[in-house]
Amino acid sequence: MSKKEVIAKIIPVFRHYGYEGATISRLSEATGLKKASLYHHFQKGKEQMAEAVLEYIGDWFEENVFAPLHSNKPASVRMKVMSQKIDEFYDSGQIPCVLAVMSLGEADNLFHQQLEQSLKKWIDTLSKVIEETGVEPKQARQRAEDAMILIQGALVLVRVTKNTKPFKRAIAKLPQILLDS
């Protein structure tokens with residue numbers, strides 16, 4: 001199994017259990033690899049695995065969220081594409097946010113800067129698209145931050161209620177919330 005295939009299989013473990021809960025036993029079970037084989041791919045252990053997961057997800061966001069937002073298409077089209085990709089990434093809210101679970105406990109100490117940069121990049125990118133529509137920079141930034149609040153809040157609501165409707169509703173409204181008002 002290639003390293004990329006291993007990373008794809010351990011992502012759900014980190015997303016569902018966080019850094020502390022992503023035990024070598026769970027990671028081994030998810031990949032079907034023994035501990036030694038995991039360490040063959042990740043000599044520095046679980047921390048390196050988590051770094052690889054964050055990098056993999058960052059690459060996915062770069063290709064599926066940021067690249068479309070940087071395109072020359074109308075802002076409304078870019079926001080709709082972003083919303084569709086976010087819905088896909090979170091499986092309509094059924095999959096926890098890696099930013100949320102990796103910002104707790106020991107993981108926050110290890111990955112805080114990387115997580116903060118990722119979130120800041122998303123907010124900055126959204127802000128620029130909103131500004132292109134004539135919105136003042138301060139208001140554009142507030143809308144982008146509100147979008148993060150809406151997405152994260154909807155994810156928490158889904159996790160607690162086991163009902164994906166609030167997430168779907170939030171994602172459907174996202175382009176309008178970002179561009180109108």
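None of the figures in this text is laboratory data; all of them are computed from the coordinates on show. The structure presented is a predicted model; accordingly, all values stated were derived computationally and were not measured. Here the Cβ positions follow ideal geometry from the backbone for every residue, glycine too, while neighbour counts run over all protein chains shown.
Ellipticity at 222 nm from helices only: DSSP H runs of n ≥ 4 in the chain, each -39500 (n - 2.57), divided by the residue count, give -24500 deg cm²/dmol. Phi-derived couplings, Karplus 6.51 cos²θ - 1.76 cosθ + 1.60 at θ = phi - 60°, listed residue by residue for the range 42-57: 10, 4, 8, x, 4, 4, 5, 5, 5, 4, 5, 4, 5, 5, 4, 5 Hz, with x used for Gly and Pro. So what's the angle, to the nearest 10 degrees on a 0 to 90 scale, between helix 165-179 and the longest Cα principal axis of the chain? It works out to around 50 degrees.
Between helix 105-131 and the chain there is an angle of about 30 degrees, using the helix long axis and the longest principal axis of the Cα atoms.
Counted over all Cα-Cα pairs of the chain, pairs farther apart than 27 Å make up 31 percent. When the chain is treated as a Gaussian network with alpha carbon springs shorter than 10 Å, the biggest mean-square fluctuation among Thr161, Thr31, Thr23 belongs to Thr161.
Angle check, please: helix 75-89 long axis (alpha carbons) against the longest principal axis of the chain (alpha carbons), in degrees 0 to 90, nearest 10. So the helix axis and the longest Cα principal axis differ by about 30 degrees. Taking the fewest neighbouring Cβ atoms within 10 Å as the starting point, the ordered list for Lys4, Lys173 is Lys4, Lys173.
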